[in-house]
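What follows is a set of notes on a single structure, which appears directly below.
The values are calculated or read from the model by the stated rules, or taken from the named source; none is laboratory data. Everything quoted here is computed from the prediction, not taken from an experiment. Cβ sites come from the backbone with ideal geometry, for glycine too, and all protein chains shown count toward neighbours. Areas reflect the complete protein model, heavy atoms only, side chains present, ligands, DNA and RNA absent. Shrake-Rupley method; radii C 1.70, N 1.55, O 1.52, S 1.80 Å.
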Amino acid sequence: MVSIRSIPSTPSSLTHLDLQWIIKHREDRFTLCGRCTSVCPKEAIFLTYRRQRMPKLDILKKKRSSEYRTFTGIRQRTEPANRCIGCGMCATVCPNEAIGPEPNPNDPRVRLLHNDKGEAWKRGGRRNFRGSLLDRIMFTRISMLTDPALDAGRHEFQLNTLLGRVLSPEEFLRRKATGGWIPPVREIFPFIIGSMSFGALSPNMWLGLLQGVAYCNEVLGIPVVMATGEGGCPPWVLKSPYLKYIILQIASGYFGWDEIIRAIPDMQCDPAAIEIKYGQGAKPGDGGLLMWFKVSKLIARLRGVPEGVDLPSPPVHQTLYSIEESVMKMIQSLSMAWGFRVPVYPKISGSTSAKSVLNNLVRNPYASALMIDGVDGGTGAAYNVSMDATGHPIASNLRECYLDLVAQGKQNEIPLFAAGGVGKNGNVTQNGLALIMLGASGVHIGKYMMQSAAGCLGSEQNRCNVCNLGICPKGITSQNTKLYRRLDPDQVAERVADTFMAISTEMRKVLAPLGRSQSLPIGMSDAIGIDDAAAAEKLQIKYIC
Amino acid sequence: MCRLALKTASKPFSPYDVLTAMEAMQEGYDGSGLGLVLRGVKFTDFTYRTQDPILSGIAHTEAAYHRLDAFMQEKGFQLKYDHEFDVDFKKIEAQDRYKYFLRVYKLPASWKTYAADEVEEQLMLNRLELRKNGEDHGGDLTVFSFWPDVVTIKEVGWPLGIGKALHLNDDRIEARVVMAQGRQNTNYGINLYACHPFFIQGIATMTNGENTAYVPIKELLTGMHYPGYIGYQSDSEVFTHILHYVHKRLKLPLETYKHVITPLKTEELNMHPQGDFLKGMRNVCRRMIIDGPNCVIGSLQDETCIMVQDHKKLRPGTVGGKKGEWAMASEMCGVDAMIPDRDRSHDFQPMRENTVIIPPDRKEMKIWSQFDPYPLPQVA
Ligand code: SF4
Ligand code: SF4
């Protein structure tokens, strides 16, 4: 055995077999075009000269020997910084199907080395957990003989939901009679494009989403709204008639709000709502984080900061002394900014303390809703440990809050919105409707929109998930013009429309056999069941097997 | 499916007439029970004053019957008339029936100072207390209604058979309004309280069809913590409670009921003269929107009768009659059987936007549409 020092081995050295994605390439198909290496966002592969032994047998001389040939081949880098992320862009650009990543079925050691220089692993994307409780919830109360089922294609369905504080009928009548203030309520589609900031998304992605949303509203008649996330909104949108489709988010960094407040006198219409972000499912306890390389000139202008600096938002609002005070200050002052014509609601991360927040909101006459973001929510950038292990799954969190409202008879007054893992495995309508039947008035979808409308490559197998690095191979989450030019806003808009048309059809396909068409079946818990007795008991729905 | 029949006439008639009319509608029903509500009651053995409350129910044991007596005495109610049904117990399917009671009481002297609202509240609370009393004793006492001028009878079995067993054809009781429904709630376990018509504070409704939005509505009503909103052994009970809530507690005009249970669409309300108010009402009463195929027939304390349909699947429901005499039924043949000598060309089957009203004067059938102006001034 050779001495250890003669082998190039350090504690951090890896082979390609230690990586999560292993590049498979077929030399017989190679044309040396170099497209794969130039497109690779991680510079994970490189063309290099290789030597191959060619065995030679001289029969006449009865001699065996070797000859060597030199060829140009692909090699995969093994440094964690250049690890292959499995995005598959190399396969996309290859004219010959000669290359592509494959998941490593063994335990990839690379995950133990994501802490180089003491930096804990940060990434974007999702939780990397493929299981989904929501996928297991089925719609089991089928209308057949006791009442006829509906025809999903022919009948009319009321699929919309309400966003805004709803008064009790008694209070509504009292205020109507005395000319009192009736809180603003929006009638919207229950699948909302969840908050993704203008800094996190590329300008083309943002434009595409907005165009798609406008098309859904104005042509398809599906009243979709989208939330901005922290960091403001481009001034041309603030002053456009499209603002009514936008939920403006204010978060702990208050980024972009100078611009928004200054634009108020010039606004043609009110925004759909204001979301105050107190927490996020993917990284509870952390504020937003925009890495310096995403702070382009445009983003810097919007946020009122210098170019090219990291923009971490504080974990909590600086003004936050107590929930009562925060609710009073933030909700009321934001309501006031728009003359009490715009619903204002907080977004929190799923937590065992969600119920206390909710009970506080119930007593606040200006709170318009509560949005709870579960642990399966996505993000542009967070620590891996936050994403994977911090937070609360949405289903039981939402259900507890809803049942709490039911006990108080307030379920129609404060709508609950849920997020975190809706459509994580592609079953967006099933997941969304399951949450609605557990008590949500609507759901927010972020990652699913990126995948469905913009072709995001991320997956729960930790595919891609480099949204934090500004190198998004699809141009969705990058401020690099070279990258985001890959994304055509018109095509994104078309896919947004496709997505919502399909969700709306699927909703009818679920609601028709349940015999529901007159109102969104919020809290229709008798219609659903799950094949897990403990979950069924916890959610107070039927156990099915 | 339940068969429903309602007859209202200026001249009192025997409830047995309605039961025979129900025979015409026997196809497609299981005939598993009977629910009857009578208003404008007349007894041949007793001159009834309409303000005195009538307690209707069943004592399943002798002990329960005595407990009932003691309870009412203790509360200060004075028994004025105890209707003795001439019962043929052999013809009754159920075994545990000791006595069908139908008793007229005089309000306790101590209630003299009560306002009308308070009397109504107390009557309901007394009924609920008695119901609870029965439930606490293994269900040996069933109380259907305790209200002036309202008689309720419910039993398991073929409707006409029950009518015969109770000798309802002896004309000792007559009424100006009779609501009859011919089925026990066989979708769930048999329970006398699950049988329509449901009753609360002078309001009674019966329904055919399944209410698919039942659970969220039930949860909303239960969450109001109003003492009368209990029971829910049937998904149809919520229709009665919504009508009670809208008309009696919110004190809104009867037109509002339809706007609450099946509101118009936003596009339609945008064109409606009172669309703004109605949109607001739709938002605040959103959890009371019904779903599923339903025909709801109801009657109010003043003997107004109504029929409404759901928004889409429309269970059958026909109204017909003539001046002074009207019938509502789940089948047209039921109307025929109750009022054969009417002009059938004036029969009406309400559509999704209609509320059919027979006012207490019974002169004509009124048809309201949700697209009509809404009487907003009455609300203010
Ligand atoms: S899969 Fe993506 S990261 Fe991996 S080599 Fe191909 S282009 Fe590079
Ligand atoms: S494609 Fe872009 S948005 Fe999707 S996971 Fe990769 S980096 Fe993130």
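Couple of notes before you dig in:
- Rounded to the nearest 10 degrees, the inclination of helix B:214-223 to the longest alpha-carbon principal axis of chain B is 70 degrees.
- Bridge type composition, chain A - antiparallel percent by DSSP, nearest 5: 55 percent
- Nonpolar atom fraction for chain A, defined as the carbon and sulfur part of the 1.4 Å probe accessible area, stands at 53 percent.
- Solvent-accessible surface of the protein assembly as shown, averaged per residue with a 1.4 angstrom probe and all protein chains in place: 40 square angstrom.
- Sites matching GluC sites (Glu not before Pro) across region B:1-106 that sit in DSSP coil, with at most 15 neighbouring C-beta atoms within 10 Å: B:E27, B:E84, B:E93
- Shape call, region A:153-265: gyration tensor on alpha carbons, a/c limit 1.5: oblate
- Gaussian network model of chain B, Cα within-10 Å springs - most flexible of B:K323, B:K265, B:K80: B:K265
- Put A:K56, A:K283 in order of accessible area, highest first, and with a 1.4 Å probe you get A:K56, A:K283.
- B:T266-A:D532 FRET efficiency (beta carbon distance; Förster radius 35 Å; 0.05 resolution): 0.35
- Remark on region A:157-517: ratio of C-alpha radius of gyration to 2.2 N^0.38 Å is 0.92.
- Of the whole protein surface, B:Y98 contributes about 90 Å² of accessible area at a 1.4 Å probe radius.
- Ligands, DNA and RNA left out, the 1.4 Å accessible surface of chain B is 51% carbon and sulfur atoms.
- When chain B is treated as a Gaussian network with alpha carbon springs shorter than 10 Å, the biggest mean-square fluctuation among B:T113, B:T205, B:T262 belongs to B:T113.
- For region A:16-119, average projected area of the Cα convex hull in nm²: 9.0 nm²
- q = 0.17, 0.18, 0.20 Å⁻¹: log10 I(q)/I(0) that the Debye formula gives for region B:198-353, counting C-alpha atoms only: -1.03, -1.13, -1.31
- Region B:220-256 versus region A:94-148: alpha-carbon centroid distance in Å: 47 Å
- Accessible surface comparison of B:H241, B:H167, probe 1.4 Å, protein chains only, largest first: the order is B:H167, B:H241.
- Of interest is the spacing of the C-alpha centroids, which for region A:15-53 and region B:54-110 amounts to 92 Å.
- Most mobile listed residue (B:N354, B:N208, B:N126) in chain B, GNM with C-alpha springs under 10 Å: B:N126
- For region A:423-545, alpha-carbon Rg over 2.2 N^0.38 Å: 1.31
- Rounded to the nearest 10 degrees, the inclination of helix A:354-363 to the longest alpha-carbon principal axis of chain A is 30 degrees.
- Residues of region A:142-165 that lose at least 20 Å² of accessible area (1.4 Å probe, protein heavy atoms only) when the other protein chains are present, relative to their chain alone, are A:T146, A:D147, A:P148, A:L150, A:H155, A:E156, A:Q158, A:L162.
- Area buried, chain A against chain B - accessible surface, total, 1.4 angstrom probe, square angstrom: 3300 Å²
- Shape parameters for the protein assembly as shown, alpha-carbon atoms, Rg then Dmax in Å: 34.8, 136
- For A:K24, residues with placed amide H under 5 Å, excluding near neighbours: A:G100, A:E102
- For the pair region A:180-257 / region B:113-173, the C-alpha centres are spaced 57 Å from each other.
- Every Cα-Cα pair in region A:202-247 was counted, and those over 14 Å apart are 46% of them.
- In chain B, the DSSP-assigned H stretches of four residues or longer account for a calculated mean residue ellipticity at 222 nm of -7500 deg cm²/dmol, using -39500 (n - 2.57) per stretch and the full residue count as denominator.
- Å³ per residue enclosed by the Cα convex hull of region B:88-154: 106 Å³
- Over every Cα atom in chain B, the radius of gyration and the widest Cα-Cα span, Dmax, amount to 20.0, 62 Å.
- Solvent-accessible area lost in complex, 30 Å² minimum, residues of region B:279-326 relative to chain alone, 1.4 Å: B:N283, B:V284, B:R286, B:R287, B:I289, B:D291, B:H311, B:K312, B:K313, B:R315
- Solvent accessible area, Å² - A:I264, 1.4 Å probe, full protein context: 40 Å²
- Every helix of 4 or more DSSP H residues in chain A counts as -39500 (n - 2.57), and over all residues that averages to -7500 deg cm²/dmol at 222 nm.
- For B:W111, the accessible area of its heavy atoms, probed at 1.4 Å with every protein chain present, is near 20 square angstrom.
- Between the helical axis of B:116-136 and the longest alpha-carbon principal axis of chain B there is an angle of about 60 degrees.
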